[in-house]
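For reference, the structure discussed in these notes is given below.
Values in this text are rule-based calculations from the coordinates and carry no lab data. Please read all numbers here as calculations on a predicted model, not as lab measurements.
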Amino acid sequence: MGAFESGLGLLGWVAFGMVLLLAGRGCHAQDFKGAIDHCTKDFEMDMDIVVSLKYGDFTERDPLIECFTECLMKKSGFMYDDYTYNKTLIIGFAGRYLEPEGAQAVYDNCIDRFGQTVCVTGFEMYQCIHETAVSEWVSSNF
């Protein structure tokens, strides 16, 4: 079965590649794999949901999932404990896949994501970074 027959499609593979590159980085502030492991255990999260989020499927959403993504954002260094965002890290992450203008656009587009709760804020920011980075990458490469 080919990559496009598996149901992921191009955007899914782009997102998957971005997650793999992020997870493969050794720097402490962006230990996304470690954050996933930690938060999955803390929230007893179903791995199907974790995988869905990694591939950019945000259709399943409830307070547990929102708090899980808030945990991911904090443990990976994108969000501080005071719920402000790490601009350098977000732009640096997006800059691995995008031109500088696109990386800045990811940050600019997502920085005002604040929800009614801290967990909603974490979810909104995670979703925004994911969707904006993929969107910017696609628009600059196709």
Legend entry - Under-5 Å amide H pairs with MET79, H placed in peptide plane, nonlocal only: LYS74, ASN86
Inset, instruction - Determine by what factor the alpha-carbon radius of gyration of the range 32-141 differs from 2.2 N^0.38 Å, reporting the quotient. - result: 1.01
Legend entry - Whole-Å distance, taken between Cα centres, linking the range 72-88 and the range 49-66: 19 Å
Inset, instruction - For the range 37-83, state the semi-axes of the equivalent ellipsoid (square roots of 5 times the eigenvalues of the alpha-carbon gyration tensor), sorted largest first and rounded to whole angstrom. - result: 17, 11, 10
Inset, instruction - Report the extension gain between HIS38 and SER139 in nm, rounded to one decimal, defined as 0.36 nm multiplied by the number of residues separating them, less their alpha carbon distance. - result: 33.0 nm
